[in-house]
Amino acid sequence: MAASPSSSTAASANIVLAIFEKKTNTVDMYRPLRNYVAYHYSEREAQNVEDDLQTLKQLRYEIERHLDPSLPARRDVLQTYFKSLCLVETRFPISPDPDHVNALTFVWFDAFKPKQKASQQNIHLEKAAVLFNLGAVYSQIGCSYDRNTVDGRRQASHAFIAAAGSFAFLRDNASMKASVGNSTTVDLSVECAGMLEKLMLAQAQECVFENTIAKGSTPGVCAKISRQVGIYYEEALAALNVAPLSQHFEKSWIVHVQLKAALFYAEACYRYGLELHDKEEIAEEISRLRSAVNVLTEAKKSSKGAAVQILDAIGKLEANINRNLERAVKENDRVYLMRVPSPSSLAPIPSFSMVKPMAMNEVLDASKEKMFASLVPDSSAKALSRYTEMVDDVIRTQAEKLQQASELTRVRLKEMELPDSILALEGNFTLPTSLKEDVEAVQISGGPAGLEAELQQLKDLRRVNQELLVQTEELLQKEAREDSQFRSQFGTKWTRPQSSTLTKNLQDRLNRFAGNLKQAAESDGRIERSVREHLALMSILDARPIESALPSLARPIMSFDQNEDAIVGSLKQSLRQLETLGAQRAGLEDMLKDMKRKDDILPKLMTSTGSYDDLFKKELAKYDHICDEIAQNIEAQEQLLLQIQAQNDEFSAIFNLEDYKASREKAYKQIEAAIAKFREIKDNINEGLKFYVTLQDAITNVKQQSNDFVMTRNIQCREMIEDVQRQLAGLSFQDKNPGASFNSNYPSVGSQNQRASTQTDPRPQAPYYQPVEQPPVAPYGHHAPPSYGGPAHHQPPPPYHIPPSSTAPYPPPQVHQQPPGNHEYGQPAYPGWRGPYYSAQAQQPGSVPRPPYTIPSPYPPPHQSGYYKQQ
């Protein structure tokens with residue numbers, strides 16, 4: 001039985017490391033800094049910055065004494081003090097120089113070997129130590145949260161991420177400066193800061209993994225997150241095992257990180273194995289689990305001094321892995337019989353990082369601080385502005401040179417049609433982007449080969465419409481025949497209106513629909529003929545890829561010196577060199593911008609005692625090597641372009657490039673013509689499909705009206721037969737059994753004797769006719785069947801009439817409006833048509849009917865399809 005994936009054995013090893021702060025000696029910063037201000041500025045300036053000096057003194061005192069035991073308060077003090085140090089650095093030159101602040105010496109002890117200390121007369125050691133302590137406090141905050149809860153683990157993860165950001169900031173901005181000189185400590189080195197960053201990221205990712213398990217995520221997701229925990233620990237372990245850290249940390253540190261790395265690698269294998277088992281990839285599952293067992297076994301060999309919780313977690317995880325391994329081996333031996341691969345042959349388990357170091361630039365940004373704002377000399381500010389303008393001029397000039405060189409390359413290559421001609425020779429040539437997109441759109445829509453299926457859809461829809469039309473006509477004809485039969489049997493007693501009178505409007509509409517279908521069939525035929533006629537033209541669009549239909553740049557049939565390969569090879573090599581030069585230019589431009597961003601000479605300006613011009617010359621000289629590289633790059637490009645021009649001329653002559661260009665342009669035009677014709681036919685087919693669908697709705701509506709009419713007439717028929725029977729019975733009451741004689745000649749109405757008025761549509765309806773000079777005693781005279789046609793003086797609009805709009809190219813034919821309540825469907829026009837699609841009704845005087853399809857002219861009018869147009 002596999003161990004439940006919802007429980008985490010690694011999560012039970014909830015042991016994380018916190019970093020202790022560095023210790024320092026007491027330093028009086030107030031007196032040396034005030035003396036410097038009074039001497040170099042004035043006593044008034046010293047009095048103006050008195051509050052700032054007192055604030056700085058108090059911050060340094062809190063750093064030394066830990067006045068507030070609260071970790072968040074300690075964090076805030078460290079951040080504020082670091083910002084203050086950034087401001088001090090730009091205004092007070094601290095060094096052994098007699099003209100500088102030379103009475104300040106900072107002393108800091110190593111956090112991991114407290115007997116070792118560093119002592120320096122510069123502010124870099126102080127800033128590096130404060131950054132280290134900030135990362136240490138963040139790590140302690142992370143350990144202070146209750147990591148047995150989801151929210152506690154989330155808060156702990158954020159704290160470890162901030163700690164990683166602090167150590168990363170230390171590594172990138174302060175470690176190198178603090179390591180200058182003989183008096184340094186290992187804990188502030190670049191290597192140690194990088195190791196602590198990875199350790200904090202590992203602990204942050206570990207908290208995320210525990211929450212992922214708590215949420216019940218899938219084994220695959222848990223495996224990826226667990227694997228990244230192990231990777232972070234492995235990176236920290238690699239740094240601990242090499243100088244200068246290998247002899248600096250206690251053995252328990254290395255054991256802890258080593259066991260954690262092994263534990264989370266095995267956890268990842270275990271979770272990944274669960275996913276593999278669900279996929280029935282038993283062989284790989286066995287290999288992964290064996291690899292996990294081996295790693296745990298090896299790690300336990302050097303577990304002396306490890307925390308009991310970690311050893312218990314390793315034991316539980318190993319038991320789960322062995323249980324799943326035993327099950328997988330049995331299943332493989334009995335069922336799957338797969339060959340188990342070697343662990344070394346397997347791909348690494350996928351990993352996914354959920355954490356990254358916090359960006360500390362904004363947190364530690366001192367640009368908005370007001371401390372010592374009055375101490376910036378005006379001369380220094382003006383000098384800095386002038387230097388910045390000089391740097392901007394250098395960068396602007398060099399950037400323009402780089403851009404001009406890149407543009408020259410692009411234009412020259414386009415003139416020589418490179419590298420397109422080389423690609424065409426290798427069979428890798430592609431269409432222009434716009435043309436290729438058009439071809440892809442055609443192929444996605446089915447291409448010319450798919451037109452047959454769409455034509456078949458037209459036929460099927462036309463057949464369905466014809467069948468509906470026939471069914472409706474037969475329905476009305478049947479009712480008319482029955483009415484005629486009863487009329488001939490009963491003679492003048494059969495007083496209801498004839499069917500032909502009542503169904504005239506329906507018959508007219510059906511006739512119009514029949515005319516529409518006939519015209520549509522002719523138009524469909526024209527489309528089919530057009531497809532057959534242009535199928536050869538459009539067949540090029542079915543080529544996949546479309547480039548296979550293009551002419552290829554072939555090698556010459558006869559060659560005298562057999563040097564084609566050498567010419568092509570040298571040209572390709574020159575193009576690669578040109579591409580390399582372009583990449584170098586992009587890198588040089590980035591180097592210029594990055595150098596300017598980091599170029600801050602304000603501290604030098606404020607501490608300089610010589611000429612500003614000499615300082616500017618010295619500082620601008622650091623841009624000279626980039627400027628020289630840019631000049632060399634541009635010169636090399638000019639020489640290379642001349643070489644490529646000569647090689648391309650030789651290439652064009654040997655491979656007859658002009659003929660190839662002509663044939664290629666001809667193919668382009670053929671593809672463009674095929675696309676235009678395909679779109680034209682496609683649009684016409686779409687118009688036809690829309691027409692048939694809408695016409696089918698209209699015929700269905702008429703059929704429903706006909707069904708309603710027939711049903712009502714049948715009810716009236718039964719009622720009239722009953723009335724006639726009663727009249728005959730009243731006139732022939734002396735006859736013997738007259739009812740039997742009547743029923744032998746007329747069909748029986750059955751046992752139903754209810755009034756039709758209770759079975760018909762309850763909506764208010766007008767009668768079919770008004771009897772003239774006839775007493776309203778017959779029930780039929782009072783029955784109100786539904787009307788299926790408007791008054792005779794209202795001419796109905798043509799079927800599928802589209803209401804005129806302001807954007808129609810031509811106005812629709814003038815028709816009489818249908819009264820409300822007797823709505824008739826408007827006839828839809830195909831897209832691209834002007835006016836109604838079909839119009840089977842009588843046209844207005846002077847108008848010409850517009851059939852749905854016409855013979856296409858070679859040049860269709862603007863804004864009008866070539867197949868569907870007005871006549």
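The values are calculated or read from the model by the stated rules, or taken from the named source; none is laboratory data. Owing to the predicted nature of the structure, the values given are computational and were not obtained by experimental measurement. Positions of Cβ are generated from backbone atoms using ideal geometry, with glycine treated the same way; all protein chains shown enter the neighbour counts. Surface areas here come from the heavy atoms of the whole protein model, side chains and all, with no ligands, DNA or RNA. Shrake-Rupley method; radii C 1.70, N 1.55, O 1.52, S 1.80 Å.
Placing R0 at 56 angstrom, the Cβ-Cβ distance between Asn182 and Ser344 gives a FRET efficiency of 0.75 after rounding to 0.05.
As a ratio to 2.2 N^0.38 Å, the alpha-carbon radius of gyration computed for the stretch 282-433 takes the value 2.20. The order of the peptides 131-142, 635-646, 570-581 by mean Cβ neighbours within 10 Å, most packed first, is 131-142, 570-581, 635-646.
If the cut-off is a Cα-Cα distance under 13 Å, which aspartates and glutamates reach Lys300, setting aside same-chain residues fewer than 8 apart in sequence? Excluding near neighbours in sequence, the set is Asp312, Glu318.
Among rounded, prolate and oblate, which fits the stretch 649-693 when a ≥ b ≥ c are the square roots of the eigenvalues of its C-alpha gyration tensor, a/c under 1.5 means rounded, and a/b larger than b/c means prolate? Since a/c reaches 1.5 and a/b is larger than b/c, the shape of the stretch 649-693 is classed as prolate. Stretching Asp708 away from Lys690 to a fully extended chain increases their span by 3.7 nm, per 0.36 nm per residue minus the current alpha-carbon distance.
Set the Förster radius R0 to 22 Å, insert the Cβ-Cβ distance between Tyr39 and Ser385 as r into 1/(1 + (r/R0)^6), and round the FRET efficiency to 0.05. For R0 = 22 Å, the calculated efficiency reads 0.25.
The calculated pair-distance distribution of the stretch 146-277 uses every alpha carbon pair, bins of 10 angstrom beginning at 0, and gives 13, 36, 32, 15, 4, 1 percent. Taking every protein chain into account, the accessible area of the stretch 13-162 amounts to 44 square angstrom per residue (probe 1.4 Å).
Less than 9 Å Cβ to Cβ from Ala399, Lys/Arg counted +1 and Asp/Glu -1: what total charge do the surrounding residues give? It works out to a net charge of +1. Met360 sits among other residues whose Cβ lies under 13 Å from its own Cβ, and their net charge, with Lys and Arg +1 and Asp and Glu -1, is +1.
The label-point distance for Ser570 and Asn102, in a model that sets each label 7 Å from Cα toward Cβ, rounds to 6.8 nm. When you count the other C-beta atoms within 10 angstrom of each residue and take the mean per peptide, 163-173, 590-600 line up highest first as 163-173, 590-600.
Projecting the Cα atoms of Leu240, Val329, Ala268 onto the dipole axis of the stretch 217-358, where Lys and Arg carry +1 and Asp and Glu carry -1 at the beta carbon, places Leu240 farthest toward the positive end.
Ligands, DNA and RNA excluded, the heavy atoms of Ile94 present near 20 Å² of accessible surface to a 1.4 Å solvent probe. With N the number of residues in the stretch 217-358, Rg(Cα) / (2.2 N^0.38 Å) evaluates to 1.12. Along the stretch 245-259 the Karplus relation, 6.51 cos²θ - 1.76 cosθ + 1.60 evaluated at θ = phi - 60°, assigns HN-Hα couplings of 8, 4, 9, 9, 9, 5, 4, 4, 4, 5, 4, 4, 5, 5, 5 Hz to successive residues, with x for each Gly and Pro. Between Lys436 and Asp146, the contour length at 0.36 nm per residue exceeds the Cα-Cα span by 98.4 nm. With each label modelled as a point 7 angstrom along the Cα→C-beta vector, the Ala359-Gln47 pair spans 4.5 nm. Assuming charge only on the beta carbon of Lys and Arg (+1) and of Asp and Glu (-1), the dipole of the stretch 13-162 about its Cα centre is about 600 debye to the nearest 20. Note on Glu579 and Lys618: the model spin-label points, each 7 Å out from Cα along the C-beta direction, lie 4.6 nm apart. A 1.4 Å probe over all protein chains sorts Met358, Met200, Met711 by accessible area into Met711, Met358, Met200, starting with the largest.
If you plug the beta carbon distance of Glu280 and Lys215 into 1/(1 + (r/R0)^6) with R0 = 22 Å, you get a FRET efficiency near 0.25. Based on the Kirkwood radius over alpha-carbon pairs, what is the Stokes-Einstein translational diffusion coefficient of the stretch 13-162 at 4 °C with 1.567 mPa s viscosity, in µm²/s? Translational D for this selection: 76 µm²/s.
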